[in-house]
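These notes concern the structure reproduced below.
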Amino acid sequence: MENIIEAKNVSFSYPLDETTRLQALKNVSLQIPKGQFLAILGHNGSGKSTLAKLFNAILTPEQGDVYALGINTHDETRVYDIRQHVGMVFQNPDNQIVATVVEEDVAFGLENLGIPTAEIRKRIDEALKLVGMYEYRNEAPHHLSGGQKQRVAIAGVLAMHPDCIVLDEPTAMLDPKGRKEVMRTLRELHTAGTTVVLITHFMEEAVQTDRIVVMEHGAVILSGTPKEIFGNIPLLHSVGLDVPQVTELSYELKKCGLHLPENILTVNELANALADLLGGSRCPSFKQKI
Amino acid sequence: MPIIQTEDLTYLYGVGTPFEKTALNHINLSIEEGEFVGVIGHTGSGKSTLLQHFNGLIKPSAGRVLIDGKDIWEKGANRQALRFSVGLVFQYPEYQIFEETVYKDVAFGPRNMGLSEKEVDIRVREAATFSGVEDSWLEKSPFALSGGQKRRVAIAGVLAMRPKVLILDEPAAGLDPRGRDAILDRICDYQRTQGTTVLLVSHSMEDIARIATRVLVMDKGSTAFYGDVSTVFSHAKELLSMGLDVPQITRVFMRLHEMGLPVQPSIYTVEQGKNEILRVLKERET
């Protein structure tokens with residue numbers, strides 16, 4: 001499969017003072033296939049935000065190469081092409097909104113590209129409908145909730161028609177409702193074919209993706225499907241990451257000698273497995289998302 | 001005698017404007033000394049407005065707020081002293097740090113209390129220890145610290161006043177799991193060793209289930225529930241209908257209960273879940 005982003009042996013460091021540097025990334029290689037929904041997990045300081053900033057040439061690696069849609073990010077003449085195809089959304093919605101009206105904010109990137117007005121209008125409407133904020137297009141951003149503002153920020157990126165969208169803890173400052181709104185939007189984008197890279201601390205978000213990469217001390221230490229990653233609970237504990245409560249409970253019960261299926265990640269899966277164990281009837285019709 | 005008490009506390013925003021809104025609607029609440037209260041509620045449910053009444057930052061539109069049995073708005077009440085005894089840590093408190101050094105920032109509260117420099121020094125060091133502020137940071141500029149470190153400094157600044165009631169609005173928001181556990185563990189230790197009454201707002205039901213002794217649920221400007229953790233989480237259905245979460249484990253046991261299995265529905269930690277399943281299996285064998 002075609003890779004939308006490829007990092008080859010990249011290293012990066014930040015200056016701490018005049019003589020010492022902090023090594024943020026050490027020889028990291030990562031391939032992100034087109035259309036994948038990828039979650040990057042890891043502690044603060046593990047290097048995940050630095051890696052994300054390499055994906056659209058906000059930073060360029062000190063060693064190694066990053067290719068976005070096949071373009072080397074070291075090629076300064078192509079930076080704007082890369083940014084158009086790989087969009088970024090950050091943690092704090094208030095720091096990303098520049099205009100006083102929602103639709104003007106979404107138009108900001110397009111106007112900078114010199115796109116014709118009619119086309120801008122079309123793209124704004126499309127992008128706001130995609131994130132479910134079309135009804136709010138004439139509102140002032142400060143009247144919106146955090147989740148709504150974050151969806152406006154996502155719309156601003158989508159209006160550029162990117163192939164890939166990278167989000168650095170987009171839900172960290174949101175309440176549970178806002179978090180769910182943003183996750184629903186990301187799942188829809190993924191279904192529509194956009195490559196989504198999500199940096200998060202929330203495991204219930206990570207279990208909804210295709211693939212999880214875990215970073216620690218500037219290196220990728222694990223990569224696999226959510227089922228594979230959460231199958232290794234002792235390792236997750238050792239790197240200090242959260243494990244969903246249901247996964248934790250099935251792990252504890254298995255340690256007590258009970259027979260439960262491998263890799264339980266959702267409320268449904270655990271409830272059904274326990275019902276089988278206790279001899280109750282399953283209710284597969286109940287399709288509530290975790 | 002309860003340490004915090006409200007009588008028909010009502011608060012309206014924007015009185016006389018088209019935006020008038022009832023933020024709090026006849027709240028009657030009484031919180032005993034030494035409780036660890038987890039406060040949950042939707043954005044806009046009135047929880048922050050309620051908490052800001054407890055140290056007199058907001059004056060009720062109607063009703064009374066009593067701290068230690070005294071109406072804080074009666075004539076002659078000393079509200080400055082009230083703010084020393086009810087410490088409030090806002091959301092993202094690291095943005096409120098302003099002094100040149102960490103030491104001066106933590107000392108700001110106790111100095112305003114008019115304490116001697118010797119006593120201020122004792123308070124600063126004690127608060128620093130409790131909140132995990134290292135000695136080597138004290139003479140540094142707070143702006144040279146990381147976000148998580150700055151947050152500890154901000155919390156130390158409130159602890160240095162030795163408040164009888166400590167109120168924290170989402171103290172772990174935006175931190176990674178390790179940082180979150182570190183902050184919450186320190187607050188728990190502080191509460192246990194000092195016997196302080198703590199009110200802590202969180203959106204994480206798993207965290208509330210783990211650390212609180214009681215839970216206060218706010219919904220549309222009213223108190224929907226106030227009780228011990230298991231009682232409140234046994235109302236899982238009502239909580240879900242208010243748009244709140246319940247712990248994942250609670251949802252599993254609610255589901256099993258609905259399927260007609262002989263489990264308690266009000267289970268909210270992994271440990272309880274494990275014991276409950278083992279209990280049911282054991283009973284089956286006998």
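Condition first: crowded, with 17+ Cβ neighbours inside 10 Å and either part of a loop (DSSP other than H, G, I, E, B) or touching a helix residue (DSSP H, G or I) at 6+ places or on another chain (Cβ under 8 Å) (or both). Now tell me which residues in the range B:30-43 satisfy that.
Scanning the range B:30-43 gives B:GLU35, B:PHE36, B:GLY38, B:VAL39, B:ILE40, B:GLY41, B:HIS42.
Could you grab me the full set of residues in the range B:187-245 that are aliphatic (A, V, I, L, M), out of contact with any Asp or Glu (no Cβ under 6 Å at 6 or more places or on another chain) and not in a helix (DSSP H, G or I)?
At the first step, the residues of the range B:187-245 found to be aliphatic (A, V, I, L, M) are B:187, B:198-201, B:205, B:208-209, B:211-212, B:215-218, B:224, B:229, B:232, B:236, B:239-240, B:242, B:244.
Among the residues that remain, those that are also out of contact with any Asp or Glu (no Cβ under 6 Å at 6 or more places or on another chain) are: B:187, B:198-200, B:208-209, B:211-212, B:215-218, B:224, B:229, B:232, B:236, B:239-240, B:244.
Within the range B:187-245, B:VAL198, B:LEU199, B:LEU200, B:ALA212, B:VAL215, B:LEU216, B:VAL217, B:MET218, B:ALA224, B:LEU244 meet the criteria.
Quick one: would you say A:HIS190 is buried (at least 17 other Cβ atoms within 10 Å of the Cβ), more than 14 Å from every other protein chain (Cβ to nearest Cβ) and under 15 Å from the mean Cα position of the chain (by Cα)?
Numbers: buried (at least 17 other Cβ atoms within 10 Å of the Cβ): yes; more than 14 Å from every other protein chain (Cβ to nearest Cβ): yes; under 15 Å from the mean Cα position of the chain (by Cα): yes.
Answer is yes for this residue.
Quickly run through the range A:217-243 and pick out the residues that are surrounded by fewer than 20 Cβ atoms within 10 Å (Cβ to Cβ) and part of a strand (DSSP E or B).
Across the range A:217-243, the qualifying residues are A:ALA219, A:ILE221, A:LEU222, A:SER223, A:GLY224.
Which number in (1) modelled with pLDDT under 90; (2) over 26 Å from the mean Cα position of the chain (by Cα) marks the one condition that B:LEU278 misses?
(1)
In the range B:264-285, what count of residues is obtained for those that are in contact (Cβ under 8 Å) with a residue 40 or more places away in the chain and over 15 Å from A:THR247 (Cα atoms)?
Of the residues in that region, 0 qualify.
Can you tell me how many residues in the range A:2-34 are over 28 Å from A:THR195 (Cβ atoms) and not polar (S, T, N, Q)?
6
Go through the residues of the range B:181-193 one by one and say whether even a single one is away from chain A (no Cβ under 12 Å), within 14 Å of the chain's Cα centre (by Cα), buried (at least 18 other Cβ atoms within 10 Å of the Cβ) and under 26 Å from B:LEU9 (Cβ atoms).
yes
Which count do you get for residues in the range B:228-275 that are of a type in the set (Gly, Ala, Ser) and more than 11 Å from every other protein chain (Cβ to nearest Cβ)?
5
The values are calculated or read from the model by the stated rules, or taken from the named source; none is laboratory data. Computed from a predicted model, the values in this text were never measured in an experiment. Using ideal geometry, Cβ is built from the backbone for each residue, glycine included, and neighbour counts are taken over all protein chains shown.
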